[in-house]
Amino acid sequence: MKDIYEKLKILAESAKYDVSCSTSGSERKNSGKIGNTVGAGICHSWSADGRCISLLKVLFTNNCVYDCQYCVNRKSVDVQRASFEPEELARLTIEFYRRNYIEGLFLSSAVEVSPDYTAERILKALRILRRDYDFSGYIHAKIIPGADPRLVELIGLEADRLSINIEMPTEKSLKLLAPQKTTKSIFAPMKQITDTLIERNALKGPGTMFKGLELNEKANNYLLPAETNATRNSLTVKRHKSKEKFAPAGQTTQMIIGASGECDMQIMKTSESLYKTFKMKRVYFSAYIPISNSPLLPDAFSAPPLAREHRLYQADWLLRFYGFTADEMFDEKNPFLDPYLDPKVTWALRNIERFPIEINKASFEDILRIPGIGTTSALRIVRQRRVRAIKYEDLKRMGVVLKRAKYFITCSGKYYGIKSMAPDTIRNDLLGIGNEHQISMFEESSTQLTHGGNPWDNVGKRNKDIIRGN
Amino acid sequence: MTEYIYDATFEGFLCCVHAHYYSGKASNILPAEDCLQASLLRTVEIKTDEEKADIVYRAIEQKISPFDLRRVYRIFLSGEKGKEMQLLEYIRLGFIKGKSISSYHGNPTVRNAELLEKKVTMEAHRLNGLIRFSVLEGEVLYARIEPDNNVLELLVPHFADRFKSSPFIIHDLRRKRALIAESGQWYISNFAIEDVECFAETEIEYRQLWKNYFDSIAIKERTNPRCQKNFMPVRYWKHLTEMQ
């Protein structure tokens, strides 16, 4: 018992920097002895850092042959090493699961011996869990870049969700910080997973980004060359043959924020292209936490850029659920998000000529673009309009945040904001500052940003002040 | 105006709605257990009558909608005082507006109903994750909860499917009732057993392992207790293995 206690400690601590813990996207009744999955996902606990715990998130081993600069488990660092036995891990998962501690397993691994060796060990553990224990709960498996495509497919047949970490927002930083990983070895399995999902008519895509589009029609998908009727038929046959589902919750990835010099625009453009190319369910961001003294990385005393991570997630939501594109959020002059305002407000202020929007007439898509209105309140607005016009007092009860929305709407023709529609005036009013005390940083930043003026450099240690519900 | 007292069952409540329409407007509706002092108002005890309950049940289903019937039932499971009058208001508005009632999101009565219902369904959803079973001798799973709302029934579909091959008991200490299930069959009944301490041999070890995991997975540099408490309110900690 002592032994497994130590192992679990080491292998959980080395897995904790993987962000994703979601258990959504897969809906399955219990077809075995134990377990099911719920479409919306279920969180089971929240750790002291406020992140949810829903999966037993561990590395299979932290014995790594790679030496990535940003990683706690890199070969050159002196840490305790441990590995699970496949049976031992399966048993632990089941014992945790039946006590309802967890929703399933998130299995990642350092690269031990070789990518294929590691992938085989992961597959073995998943098979014990699925077959010997008849487990129908959630499994998220990490794909090791460079593993044999056949192994990727077999792991996909056991797992609900797959992920391969892109690690860095650009190829340049990847080369610099993870010299043994190549973009090719990362993108190849991503493409394989998407192709397999299309073959099985099971690709769903992120959020509402491709709503109404048939992603599994090959003609709509530029990943695949046009096909003939003959190949289509052969694919149909294959579909019927395979009863097992392949990664029904799709794939995700994650990148580290703030370890390399990218601007927010590059980060969001990379995310957007991952959504468009691979239709992945999510791109996660992980604020870099200084763990090594490499000269290539931020120094060991810098605070993790949590405020920046938060704003990037907000921007990511705009991509996936609100119909925005990265090009709308940034341009060459404004390559960073505003630390003090949410990205939708920033966009609205830059496009002030589109406002105010009339709540009682605008389309659903336009309402979604109003700051302070989320998907739920937008849906409520559209629903109530069918039976009764919306009054300004109704909006608060519908969940609209009027503090932000009031500058951008009219309700039956009446405007409730301030006298001026000048972006600077609205911005100051929103932040509660008088016109005479404008924050000078933004005046400078709008001209300096492209020359390396990163607004996040100035706010790194004041995360709490920045996010106050704006 | 009359104050109605009922037996705290859903059918009893529906009979109060019936009485409101046919015997005299309700100024208040109270479950018997809450009505210790004699009120100055005219107080009438409503006897639960299946036929009357059925009439109201069908009226809500047909004249408003099945969606709103489900909503009414879920709100009835709420532990909030005064839910009965809020429900009556919603039902009255529903008989006027018909099936479109739930679209009036800006109406205060509808908004209140939405919020009450959300509290109930939210707690049930939360408990799907926050319930902690202990393995007892004989491989029975046993969990204790003290929820704000009477959510036992809402937990059935999820847990009965998930743990269909092992017997389990979810014990609501506050209401002294338990959900008891085995191989997909289940029932809810009064449950008075105070001490269930016949744990399986390895139970304590797995609790330790879980606590150990819980502590190891947090990133110290990101410590954020407020965020943790927002998602996992302190009132649930009492029965959470990892927070002991």
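Bear in mind that the values in this text are calculations on the coordinates, not laboratory data. Quick caveat, the model's predicted, so the values are computed rather than measured. Virtual Cβ from ideal backbone geometry, glycine too; neighbours counted across all protein chains shown.
Using R₀ = 45 Å, calculate the FRET efficiency as 1/(1 + (r/R₀)^6) where r is the Cβ-Cβ separation of A:R383 and A:R91; round to 0.05. Let's see the in-between values first.
Details: r = 49 Å, r/R0 = 1.09.
Efficiency, rounded to the nearest 0.05: 0.35.
Give the angle, between 0 and 90 degrees and rounded to the nearest 10, that separates the Cα long axis of helix B:108-130 from the longest principal axis of the Cα atoms of chain B.
20
Expressed as a whole percent, how much of the Cα-Cα distance distribution for chain B exceeds 29 Å? Working shown, then result.
Values: 12555 of 29646 pairs.
Summing the P(r) of chain B above 29 Å gives 42 percent of all pairs.
Measure nothing fancy, just the Cα-based angle from helix A:115-127's long axis to the longest principal axis of chain A, in degrees from 0 to 90, nearest 10.
Approximately 90 degrees, to the nearest 10.
Could you tell me which chymotrypsin sites (Phe, Trp or Tyr not before Pro) in the range A:133-225 are loop residues by DSSP with no more than 13 other beta carbons within 10 angstrom of their beta carbon?
Values: sites: A:Y133, A:F135, A:Y138, A:F187, A:F210, A:Y222; in loops: A:Y133, A:F210, A:Y222.
Those that pass, being in a loop and sparsely packed, are A:Y222.
Restricting attention to the range A:1-54, which GluC sites (Glu not before Pro) occupy a DSSP loop and are surrounded by at most 15 other Cβ atoms within 10 Å?
Details: sites: A:E6, A:E13, A:E27; in loops: A:E27.
Passing both the DSSP loop test and the Cβ count: A:E27.
Could you give me D for the range B:87-126, from Stokes-Einstein at 25 °C and 0.890 mPa s, where the hydrodynamic radius is the Kirkwood radius over C-alpha pairs? Units µm² s⁻¹, please.
Working: Rh = 10.6 Å.
Using the Kirkwood radius from Cα pairs, D works out to 232 µm²/s.
Round to a whole angstrom and tell me the spacing of the C-alpha centers of the range A:117-179 and the range A:305-384.
What the calculation gives is 34 Å, centre to centre.
When you look at the Cβ of every residue in B:106-113, what mean number of other chain Cβ atoms sits within 10 Å?
Details: counts 14, 4, 3, 0, 2, 6, 1, 0.
Mean inter-chain Cβ contacts per residue within 10 Å come to 4.
I want to check the label-to-label distance for A:Y416 and B:T223. Put each point 7 Å from Cα in the C-beta direction and report it in nm to one decimal.
4.2
Could you compute the net charge surrounding A:G372? Neighbours are other residues with a C-beta less than 10 Å from the C-beta of A:G372; K and R count +1, D and E count -1.
Working: positive: A:K344, A:K403, A:R404, A:K406; negative: A:D342.
Residues near A:G372 contribute +3 overall.
Go through chain A and flag any cysteine with no other cysteine's C-beta closer than 4.7 Å, please.
A:C21, A:C64, A:C263, A:C411
So which GluC sites (Glu not before Pro) in the range B:174-216 end up in coil per DSSP with only 14 or fewer other C-beta atoms within 10 Å?
Working: sites: B:E182, B:E194, B:E197, B:E201, B:E203, B:E205; in loops: B:E194, B:E197, B:E201.
Counting only loop positions with at most 14 other Cβ atoms within 10 Å, the GluC sites (Glu not before Pro) in the range B:174-216 are B:E194, B:E197, B:E201.
With the Cα gyration tensor of the range B:131-243 giving a ≥ b ≥ c as the square roots of its eigenvalues, does the rule (a/c under 1.5 for rounded; else a/b larger than b/c for prolate; else oblate) give rounded, prolate or oblate? Write out the running numbers ahead of the final one.
On the way: a/c = 2.00, a/b = 1.47, b/c = 1.36.
It is prolate, given that a/c is not under 1.5 and a/b is the larger ratio.
Using a Förster distance of 41 angstrom, determine the FRET efficiency expected from the C-beta separation of A:S302 and A:R131, and round it to 0.05. Let's see the in-between values first.
Working: r = 47 Å, r/R0 = 1.14.
Efficiency for this residue pair is about 0.30.
What distance in nm lies between label points placed 7 Å from Cα along the C-beta direction at A:N458 and B:N230?
My value for the distance between the label points is 2.6 nm.
With only Lys, Arg, Asp and Glu charged, each at its Cβ (+1 for the first two, -1 for the last two), find how big the charge dipole of the range B:84-222 is about the Cα centre; round to the nearest 20 debye. Display every interim value, and only then the final one.
Working: 19 positive and 21 negative charges, 175 e Å.
Charge dipole, the range B:84-222, about its Cα centre: 840 debye, nearest 20.
Take the eigenvalues of the Cα gyration tensor for the range A:1-157, scale each by 5, and report the square roots as semi-axes in whole Å, largest first. All intermediate terms of the calculation are to be shown ahead of the outcome.
Working: eigenvalues 117, 67, 45 Å².
Square roots of five times the eigenvalues give 24, 18, 15 Å.
Report the dimensions of the range B:123-183 along its three principal axes from the alpha-carbon atoms, largest first, rounded to Å.
Sorted from largest, the Cα extents of the range B:123-183 read 30, 20, 17 Å.
Quick one: what does P(r) look like for the range A:319-434 with 10 Å bins over all Cα pairs, in whole %?
All Cα pairs, binned at 10 Å, distribute as 13, 47, 32, 7, 0 percent.
Please work out the Kirkwood hydrodynamic radius for the range A:2-320, using every pair of different C-alpha atoms, and report it in angstroms with one decimal place.
Values: mean 1/r = 0.0494 Å⁻¹.
About 20.2 Å for the range A:2-320.
Work out the length of the dipole vector of the protein assembly as shown about its Cα centre, built from +1 on the beta-carbon of each Lys and Arg and -1 on the beta-carbon of each Asp and Glu, and round it to the nearest 20 debye. Before the final figure, lay out each step's value.
On the way: 104 positive and 90 negative charges, 345 e Å.
Here the size comes out at about 1660 debye.
At what distance in nm do the modelled label points of A:F187 and A:I352 sit from each other, each positioned 7 Å from its Cα along Cα→Cβ?
Here the answer is 4.1 nm between the modelled labels.
Hey, what angle do you get for helix B:203-217 against the long axis of chain B, alpha-carbon based, 0 to 90 degrees rounded to 10?
90
Take the Cα atoms of the protein assembly as shown, find their three principal axes, and give me the spread along each one in whole Å, biggest first.
Principal-axis extents of the protein assembly as shown (Cα, largest first): 82, 72, 60 Å.
Over all pairs of distinct alpha carbons, what does the Kirkwood formula give as the hydrodynamic radius of the range B:53-176, in Å? Could the numbers behind the result be given before it?
Values: mean 1/r = 0.0623 Å⁻¹.
Roughly 16.1 Å, rounded to one decimal.
All other residues with a Cβ under 14 Å from the Cβ of A:I42 taken together, and with Lys, Arg as +1 and Asp, Glu as -1, what is their net charge? It would help to have the intermediate numbers written out before the result.
Working: positive: A:R28, B:R126, B:R132, B:R162; negative: A:E27, A:E103, A:D160, B:E123, B:D161.
Charge balance in the 14 Å sphere: -1.
Just the number, please: percent antiparallel of the DSSP beta bridges in chain A, rounded to the nearest 5. Please report the intermediate quantities before stating the final value.
Values: 7 of 31 bridges.
Expressed as a percentage, antiparallel bridges in chain A total about 25.
Tell me whether the range B:2-122 comes out rounded, prolate or oblate; compute the Cα gyration tensor, take square roots of the eigenvalues as a ≥ b ≥ c, and use a/c under 1.5 as the rounded threshold.
On the way: a/c = 1.74, a/b = 1.41, b/c = 1.24.
In terms of gyration-tensor shape, prolate.
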